[in-house]
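Working notes for the structure below.
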Amino acid sequence: MTEPPLPSSRDEAVARFLLNARNLLGDKGFTTDPDKMDSWLTDWRGRYTGRALALASPASSAQVAALVTLCAAHGIAIVPQGGNSGMAGGATPDASGTALLLSLRRLDQIRSIDAASGQAVCEAGVVLQTLHEAAEAARLRFPLTLGGKGSATIGGLIATNAGGTQVLRHGTMRAQVLGLEAVLASGELVDLMTPLKKDNRGFDLKQLFIGSEGTLGIVTAACLRLLPAPIGRATAWVGLNGIIEARTLLRQMERALGESLEGFEVVPAHCLESVLAHQPSARAPLADRHAWNALIECASATTDSSGLNAMLETSLGAAMEQGLVIDAVIAANETQADAFWALRDGISAAERALGPAMQHDISVPVDKMPEFILAASPAIEAEFPGTRAVAFGHLGDGNVHFHVLAPAHAVRGEWENTHGKVVSARVYDLVAQWGGSISAEHGIGQMKVAELMRLHDPVSLALMARVKAALDPADLLNPGKLLPAGAKR
Ligand code: FAD
């Protein structure tokens, strides 16, 4: 009979870590049960599946700090996870099974909502929709929203510097964060919560954690900006002949509607048809089909809905007289406005039902976006016969979702990992040539590390690597995400 191999010092360290972590968090906060971990080990898009040593779910910032201290002492890598709605595989561990999956979902307290100062203090695991509802109950508003609001958490939104459909007016998550609290790779808790309007004591350290995808620290809480609740809202669906016209209309609307213009989304005919086919109860807002559609949203805390509707009607009427707008409808009520938005929000699911596709959340300067779409779409379709390129989304932010649909009969799961990767590389080449970004919203995660290394400025990459090395010298925080694992620094 062969003797079982003697445990290595690494195995012993891992066993000691597992014991200590369970003692720290108890059964409610710690599991190695594969069934309980399973659903958190695959990303939202179903592109990545990993393995984890254990799933830890601490319930307080102090527990996160104690857990990270333990990880540091035992050399255990950590993959932070919020709602697991991210689009770049950033919250999915690799296949080695050596990292701890650290869920922040039990840090779900809204510590305070202060109407006078317009501030909310939230723990990292608070779900975006929960914050919306709490703010509304206090006649306030958190001015960032996105399709994944039912699962995306404040920590995840901060870690990815999320955008959404109101960036045009209110900015990305970075603009909403007044302060934050984070646990460093050493286990120290850094308190950057004081929401000072002016503070010039050196580096604005909270900015390091915003958009760093869990690679520099674990966000445990944040102080966020709230605005007065709007008293009016107006939403229009507009038919246009082309994307150049859409940009001209955007600029006109910015001038005519000023501060009240919140969203300007573009939807090409192909996307609208896909949604109508995919959602049998959905209705096209206009009688005729148009090459491009714009979804325009206004909101105001000082002008009511009838005032906003009147402003929108006047400016759209002028655009129709110019021949810029072919047809337009202003939502008669909230239900109709929501139905317009459901068409926009339904695009990803409808496109997915059509078959495999490569999705690219890219940005170029706002003024160049129409020309980019007009140049890149036919170039990609010509280079990869049978594909179809569609661009939709946040034209007002210079950010569109540039999806390339696979040729008919392509096999899901296979095409994305072979031909699809070549298509993506080509799309990113074009984006780089146009002075844009390969990630406008979703981050780099594990999905785009190689492309970031290939296309980003080498000096910026070296600087990012030096910041990472300074804050996380042992590469324990989300290794392999955003930057290559163990990259030489
Ligand atoms: P996760 O997916 O769990 O994690 C995302 C990243 O953040 C990972 O790298 C993870 O390690 C890290 N992380 C999570 N929590 C923490 C923490 N507390 N501390 C440190 N690091 C952490 N995004 C947009 O920007 N704009 C959109 O319009 C948009 N629309 C979407 C629509 C749908 C239907 C869906 C499903 C998603 C959409 N997203 C959008 C993507 C997603 O919702 C955002 O990226 C969101 O910020 C992720 O939050 P999360 O809590 O799910 O994070």
Quiz item: What FRET efficiency do you get for residue 112 and residue 335 if R0 is 25 Å and r is their Cβ-Cβ distance, rounded to the nearest 0.05?
Solution: 0.15
Quiz item: For helix 334-345, what angle does its Cα long axis make with the longest principal axis of the chain, in degrees from 0 to 90 and rounded to 10?
Solution: 60 degrees
Self-check item: Hz values of 3J(HN,Hα) by residue in region 369-377 - Karplus curve (6.51, -1.76, 1.60), Gly and Pro given as x
Solution: 4, x, 5, 4, 4, 5, 8, 6, 4
Quiz item: Once you sort the root eigenvalues of the Cα gyration tensor of region 145-248 as a ≥ b ≥ c, which label holds: rounded (a/c under 1.5), prolate (a/b larger than b/c) or oblate (the other case)?
Solution: prolate
Practice problem: Please give the peptides 252-263, 397-408, 105-116 ranked by average Cβ packing (other Cβ atoms within 10 Å per residue), highest first, as a rough proxy for protection. | Solution: 397-408, 252-263, 105-116
Self-check item: Where labels lie 7 Å past Cα in the beta-carbon direction, separation of residue 186 and residue 453 in nm
Solution: 2.9 nm
Self-check item: Peptides 204-211, 79-86, 267-274 ordered by average Cβ neighbours within 10 Å, highest first
Solution: 79-86, 267-274, 204-211
Exercise. Calculate the dipole size of region 232-381 relative to its Cα centre from +1 charges on Lys and Arg beta carbons and -1 charges on Asp and Glu beta carbons; express the result in debye to the nearest 20.
Key: 160 debye
Self-check item: Above-threshold pairs, the threshold being 21 Å between Cα atoms, out of 149/197; 36/468; 421/448; 36/481
Solution: 149/197; 36/468; 36/481
Practice problem: Taking all protein chains together and a probe of 1.4 Å, list 194, 418, 215, 160 from the most accessible to the least accessible. | Solution: 194, 418, 160, 215
Quiz prompt | In Hz, Karplus ³J(HN,Hα) per residue of region 411-417 (6.51, -1.76, 1.60; θ = phi - 60°; x = Gly, Pro) | solution = 8, 4, x, 8, 4, 4, 8
Quiz item: Which length gain, in nm to one decimal place, applies between residue 201 and residue 327 when the Cα-Cα distance is subtracted from 0.36 nm times their residue separation?
Solution: 40.0 nm
Quiz item: For residue 414 and residue 251, FRET efficiency with R0 = 56 Å and r from the beta-carbon atoms, rounded to 0.05?
Solution: 0.80
Quiz item: Cα to Cα, under 13 Å, and not fewer than 8 places away if on the same chain: which aspartates and glutamates meet these conditions relative to residue 206?
Solution: 181, 191
Quiz item: Where only protein heavy atoms count, and the probe is 1.4 Å, what is the accessible area per residue for the chain in Å²?
Solution: 44 Å²
Quiz item: How large is the charge dipole for region 283-338, taken about the Cα centre, if only the Cβ atoms of Lys, Arg (+1) and Asp, Glu (-1) carry charge, to the nearest 20 debye?
Solution: 160 debye
Quiz prompt | the chain, relative contact order in percent, only Cα pairs under 8 angstrom and at least six apart counted | solution = 14 percent
Exercise. Subtract the Cα-Cα distance of residue 13 and residue 28 from 0.36 nm times their separation in residues, and report this length gain in nm to one decimal.
Key: 3.1 nm
Self-check item: Apportionment of accessible area to carbon and sulfur, the chain, percent (1.4 Å)
Solution: 55 percent
Practice problem: Arrange the peptides 277-285, 135-143 so that the one whose residues have, on average, the most other Cβ atoms within 10 Å appears first. | Solution: 135-143, 277-285
Exercise. Pick out, from 364, 253, 328, the residue whose Cα sits farthest towards the positive end of the charge dipole of region 238-382, with +1 on the Cβ of Lys and Arg and -1 on the Cβ of Asp and Glu.
Key: 364
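The values are calculated or read from the model by the stated rules, or taken from the named source; none is laboratory data. What you are looking at is a predicted structure, and each value in this text was computed from that prediction instead of being measured. Using ideal geometry, Cβ is built from the backbone for each residue, glycine included, and neighbour counts are taken over all protein chains shown. For accessibility, only protein heavy atoms count, side chains too; no ligands or nucleic acids. Shrake-Rupley method; radii C 1.70, N 1.55, O 1.52, S 1.80 Å.
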